[in-house]
1. Given the structure, is ALA96 in contact (Cβ under 8 Å) with a residue 40 or more places away in the chain, part of a helix (DSSP H, G or I) and surrounded by fewer than 23 Cβ atoms within 10 Å (Cβ to Cβ)?
2. On the given criteria, is ASP488 among the charged types (D, E, K, R), out of contact with any Phe, Trp or Tyr (no Cβ under 8 Å at 6 or more places or on another chain) and in contact (Cβ under 8 Å) with a residue 24 or more places away in the chain?
3. Please indicate, with yes or no, whether at least one residue in the stretch 225-245 is out of contact with any helix residue (DSSP H, G or I) (no Cβ under 9 Å at 6 or more places or on another chain), part of a helix (DSSP H, G or I), surrounded by 21 or more Cβ atoms within 10 Å (Cβ to Cβ) and modelled with pLDDT of 95 or more.
4. Free of Cβ contacts under 8 Å to residues at least 12 places away in the same chain, assigned by TED's automatic domain parsing to the domain that holds LEU182 and not hydroxyl-bearing (Ser, Thr, Tyr): does that describe ASP55?
5. Of ARG201, ARG176, ARG192, which residue is surrounded by fewer than 24 Cβ atoms within 10 Å (Cβ to Cβ), within 23 Å of GLU379 (Cα to Cα) and either out of contact with any strand residue (DSSP E or B) (no Cβ under 6 Å at 6 or more places or on another chain) or outside the structural domain of TYR100 (by TED's automatic domain parsing) (or both)?
6. Please work out which one of (1) at pLDDT below 95; (2) more than 19 Å from the chain's Cα centre (by Cα); (3) among the basic types (Lys, Arg); (4) under 29 Å from VAL332 (Cα atoms) is the condition LYS408 fails and give its number.
7. Please work out which residue is surrounded by the most Cβ atoms within 10 Å (Cβ to Cβ), limiting yourself to the stretch 359-390 and to residues that are β-branched (Val, Ile, Thr) and within 14 Å of ASP346 (Cα to Cα).
Amino acid sequence: MPDANLFTALRAAFPRDLDATAVETADGPGAPAFFTWRDLDRASARIANLLASLDLPAASRIAVQTDKSVEALLLYLAVLRSGHVYLPLNSAYQAAEIEYFVGNAEPAVFVCAPKNFAWISKIAFRAGTKNVFTLGDDRSGTLLERAAVQPDEHTVAPREPGDLASIIYTSGTTGRSKGAMLTHGNLLSNARTLKDYWDWRAGDVLLHALPIFHVHGLFVAIHGALLNGSKMLWFNRFDAKAAIARLPDVTVFMGVPTLYTRMLAEPALDAAACARMRLFISGSAPLLKETFDAWTQRTGHTILERYGMSETVMLTSNPCRPQDGARVGGTVGYALPGVGVRVHGDQGQPLATGEIGGIEVRGPNVFAGYWRMPEKTKEEFTADGWFRTGDVGRMDADGRLTIVGRSKDLIITGGYNVYPAEIEGLINELPGVAESAVVGVPHPDFGEGVVAVVVRQGGAALDGAAIAATLKGRIAAFKVPKQVFVVDELPRNAMGKVQKNLLREQHRELFAR
């Protein structure tokens, strides 16, 4: 069988002119800097050879928590080509979170930002990780120093479609994160499908302004550009003014709703700025209809909204080509070619068109299961092999999907996943707290804002701002509630269950403009 290593397919798509620019940096030290396709191949080969020199076990996990940089992209490519398993971690994660991930995944290598080496190395070494390197967004760090002396040619490790390529941790409703195992076959099949469905063309240039610890920025955006041999204009950090200024130099933009609302706040955004653009794509969180409409009015472009998950990469998409239909705001479009999507009831029964139920999917993009959680994996699949997404939606007569909620109580803020149970567990441990409930409510910038409602214990004096400040030192900033309310009791139904729907409704206008 031909080599199914994802890197082999990506490299095969590099243009003939390997000295053409593959990545141009738009910010960061020394910007602009230009990386050719030959640079991507040679530099990732050096890092892959460094990994080979460590004599790692086959398919070792390589954990990475660094700031965004082109060098971090090279590290990802190096892990793929060496046949190991890439484990990206949100750069906002704190010590307790990192400790769990290292203990669960048992990585052979951890690459972190230089500023975090002191505390991350202690956690990693204590858990048995033998190799810890640093990588800064200013091209500093021991990873590049050690890789610089390695050969710039490397034989790609052959892989089969079912071999593991990456583990993406996604939070669970109990607060215990689960590692979604994505194979080379999962990622390559989805990348090839999107290349065709989103009509990637010769001459396309991608403005890459997303994080690369996340499925959207790491897999959807990067794989799309590389598989098309397209140049990327690379922003380490999103800046609305700077991004708008560079739109005349690109044709494709992928963003979370937060990025679109921030660009809409800039007077420079207009049809002239977007004249060369071919495609704007939004995902990772629901796009408000008002944002969808405002973007069309200001730019003349209709945003393409799509739907995916850490466990599946992309599942559905509004049409790209006009002949395939209209892009409808508030919907996530049709099942991608080769992907099955259905809506079933609580008892597993098929539902009629327009009825609301659980969204279930299957296809070559659906993950291989949760890392070291066989029972949890079994729970999440139906008897006939469909994955229960935990999302709730309805399908119209044409097969267009609309998501109306999330049965797993997930909050998506700024494109990042937050599970209430994790935050509630931390709040409930604080002195004077009897219980708490965490919900997401509409937010004009982040899509959803995290709100905590806390019940005081026996008349204890609690301060909402102080609770939020305490959490800031323990968890990633995006998980910290933007507002904390102290109350005497939570609303409950006849069975004693907290009625979070009432809390969401009560605070629905909290972040209204």
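1. yes
2. yes
3. Yes: one or more hits.
4. Here the answer is yes, as ASP55 does meet what is asked.
5. Going through ARG201, ARG176, ARG192 in turn, just one is surrounded by fewer than 24 Cβ atoms within 10 Å (Cβ to Cβ), within 23 Å of GLU379 (Cα to Cα) and either out of contact with any strand residue (DSSP E or B) (no Cβ under 6 Å at 6 or more places or on another chain) or outside the structural domain of TYR100 (by TED's automatic domain parsing) (or both): ARG176.
6. (2)
7. By that ranking, first place goes to ILE359.
Here's the yes/no breakdown for (1) touching a residue at least 12 places away in the same chain (Cβ under 8 Å); (2) touching a Phe, Trp or Tyr at 6+ places or on another chain (Cβ under 6 Å); (3) within 19 Å of GLY369 (Cα to Cα):
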position: SER91; (1), (2), (3): yes, no, no
position: SER121; (1), (2), (3): no, no, no
position: VAL132; (1), (2), (3): yes, yes, no
position: HIS154; (1), (2), (3): yes, no, no
position: ILE167; (1), (2), (3): yes, yes, yes
position: MET181; (1), (2), (3): yes, yes, yes
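The values are calculated or read from the model by the stated rules, or taken from the named source; none is laboratory data. As the structure is a prediction and not an experimental result, all values here were calculated from the model. FYI the Cβ positions are ideal-geometry reconstructions off the backbone, even for glycines, and counts take in every protein chain you see.
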